[in-house]
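To start, the structure under review is shown below, and the notes come after it.
Rule-based calculations on the coordinates, nothing more; no lab input. Bear in mind that the values here come from a model prediction, so they are computed numbers and not experimental data. Cβ: placed from backbone, ideal geometry, glycine included. Neighbour counts: every protein chain shown.
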Amino acid sequence: MNFDYSTAQQALIEKTRAFALAEIAPFAVKWDQDEHIPRSQIQKYADAGYFGMTIPTTYGGQGRSALDAILVIEEVARHCGISGRLIVDHNFGAAITILNFGTEEQRQRILPDLCQGKALISIGMTEPDAGSALTDLRTAATSEKDHYILNGTKHWITGAGEREYTLVYARFDGVAGPKGIGAILVHQDMPGFTYAGRIPSMGVRGVQEGILEFHQVRVPKENLVVPAGSAFGQLMSAYNGQRVGASAVALGIAQGAYDFAKNYADQRQQFGKRITDFQVNQFKLADMAIELDAARFLIYRAASHAKAAITDRYESSVAKVYVSEMALRVTNEAIQLCGAQGYSRHLPLERMMRDVRCFTLAGGSAEIQRLGIATKILGRALPQH
Ligand SMILES: Cc1cc2nc3c(=O)[nH]c(=O)nc-3n(C[C@H](O)[C@H](O)[C@H](O)COP(=O)(O)OP(=O)(O)OC[C@H]3O[C@@H](n4cnc5c(N)ncnc54)[C@H](O)[C@@H]3O)c2cc1C
């Protein structure tokens, strides 16, 4: 077991830190206020080599480890959560599903474009009546000769209306239960594919959360990434890394909030002393640092054990629950340390608090992650129906 960064990782962190300070930090407030991050900015992340870090060079990626991608995400998210999420989406999730479960033709056709930022990708799982109970999803894919006909609605899709591809989880040919679920790649130009509006969210506003509708969309069979009948657990395994990536965003935001509050509190004077001269505030900072360290180790453990950017389900869920809840506590304490100023929109902390709130929900709620952890502990299926 090695707790040190390699020389190459240290260099990657330093390079990313400089990039984030110059190219991201000055604009994070504007993207939040505009509720939009320009595509030209997203292109900078691809050009810097931050998309497809986990994808082999054969498919246009960087061929680096999942942990390397996590280190980049953490650094970026210290200044801007949505930028961190964009990098997650192009190193884990759908991209990794295509890498591990797609066909060779799909890998060659899709992955280089994702790595270069020529195309962006969303994951379309959640439906109005199928959130935590994902296996209840109803979006239907019906086989017809050389294509599938897709009908249904997805909501809360990150990047909806802004990304070329969506990996849509659908029920194939009416087969009930998990066995009927597979994943198919839909392009925004396919007739019948509609972006049906934005869901206004509390935080992470620079990237749209939205609704996608599919009306008789003809999707060629060559776009089938994961056929129905594959074990549902295998289908979902590519999503474990997405959870570790999301945890790294939450960690980065909390670290950013801590750094800001520490500097502020060490300068602010009340009762003729720095407020960090009061032991209660020293202990607050110490507790925050302990939680950040613990979170970091859980994320790094999950990322270090990744194979082709697929992480272990238990380790990913443990990291996601702890880090998403830790990040809320730490960001909240950062506001407390800065007093009323911390609550103002003059400081970045209120944005960080709004942004970090999503992580006990997005990517599978904390309760559902705990269910997965308990399943592993007890060693048996724990049906919810
Ligand atoms: C910012 C954001 C981005 C998102 N991005 C995407 C995306 O890109 N693609 C996508 O497909 N989805 C996305 N989602 C959706 C997300 O995956 C779902 O919100 C999540 O799975 C929970 O589903 P739900 O919101 O329908 O809540 P529900 O399933 O309705 O759950 C409501 C509450 O009940 C609890 N609950 C439900 N069942 C149980 C149970 N058996 N035991 C105990 N508690 C339970 C939940 O934990 C939760 O607290 C995103 C969500 C957010 C907030």
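Working only within region 308-362, note down all residues that are part of a loop (DSSP other than H, G, I, E, B) and surrounded by fewer than 23 Cβ atoms within 10 Å (Cβ to Cβ).
As a first pass, look at region 308-362 and keep what is part of a loop (DSSP other than H, G, I, E, B): 308-309, 311-312, 338, 344-348, 361-362.
Once the filter is applied, which keeps residues that are part of a loop (DSSP other than H, G, I, E, B) and surrounded by fewer than 23 Cβ atoms within 10 Å (Cβ to Cβ), region 308-362 yields ALA308, ASP312, CYS338, SER344, ARG345, HIS346, LEU347, PRO348, LEU361, ALA362.
Based on what the data block shows, is GLY152 touching a Phe, Trp or Tyr at 6+ places or on another chain (Cβ under 8 Å) and touching a residue at least 12 places away in the same chain (Cβ under 8 Å)?
yes
What is the one condition in (1) under 18 Å from the mean Cα position of the chain (by Cα); (2) within 21 Å of PRO56 (Cα to Cα) that ALA77 does not satisfy?
(2)
Inside region 274-308, can you point out the residues that are of a type in the set (Lys, Arg) and either touching a strand residue (DSSP E or B) at 6+ places or on another chain (Cβ under 7 Å) or over 18 Å from GLY252 (Cβ atoms) (or both)?
Once the filter is applied, which keeps residues that are of a type in the set (Lys, Arg) and either touching a strand residue (DSSP E or B) at 6+ places or on another chain (Cβ under 7 Å) or over 18 Å from GLY252 (Cβ atoms) (or both), region 274-308 yields ARG274, LYS284, LYS307.
Yes/no matrix, rows are residues, columns are (1) in contact with a strand residue (DSSP E or B) (Cβ under 8 Å, 6 or more places away or on another chain); (2) surrounded by 15 or more Cβ atoms within 10 Å (Cβ to Cβ); (3) not aliphatic (A, V, I, L, M):
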| site | (1), (2), (3) |
| --- | --- |
| GLN9 | no, yes, yes |
| PHE19 | no, yes, yes |
| ASP34 | no, no, yes |
| GLY102 | yes, yes, yes |
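Where the second residue is surrounded by 24 or more Cβ atoms within 10 Å (Cβ to Cβ) and not in a helix (DSSP H, G or I) and the first is basic (Lys, Arg) and lies in region 239-263, which pairs have Cβ atoms under 7 Å and are six or more apart or on separate chains?
From residues that are basic (Lys, Arg), the pairs are ARG243/GLY363; ARG243/GLY364.
Tell me the residue from VAL204, VAL244 that is within 16 Å of the ligand (Cβ to nearest atom) and at positive phi, please.
VAL204
Look at ALA66 and say whether it is in contact with a strand residue (DSSP E or B) (Cβ under 9 Å, 6 or more places away or on another chain) and surrounded by 14 or more Cβ atoms within 10 Å (Cβ to Cβ).
The answer is yes for ALA66.
Tell me the residue from ALA130, ALA170, ALA140, ALA69 that is under 19 Å from SER316 (Cβ atoms) and not aromatic (Phe, Trp, Tyr), please. Walk me through how you get there before you give the answer.
Details: ALA130 fails: under 19 Å from SER316 (Cβ atoms); ALA170 fails: under 19 Å from SER316 (Cβ atoms); ALA140 fails: under 19 Å from SER316 (Cβ atoms).
From the options ALA130, ALA170, ALA140, ALA69, the qualifying one is ALA69.
Starting from residues that are over 16 Å from HIS215 (Cβ atoms) and not acidic (Asp, Glu), keep the ones in region 145-156 and report whichever is farthest from the chain's Cα centre (by Cα).
Of everything passing the filter in region 145-156, LYS145 is farthest from the chain's Cα centre (by Cα).
Taking only region 264-288 into account, find how many residues are part of a helix (DSSP H, G or I) and either farther than 28 Å from GLY372 by Cα or of a type outside the set (A, V, I, L, M) (or both).
Matching residues across region 264-288 total 16.
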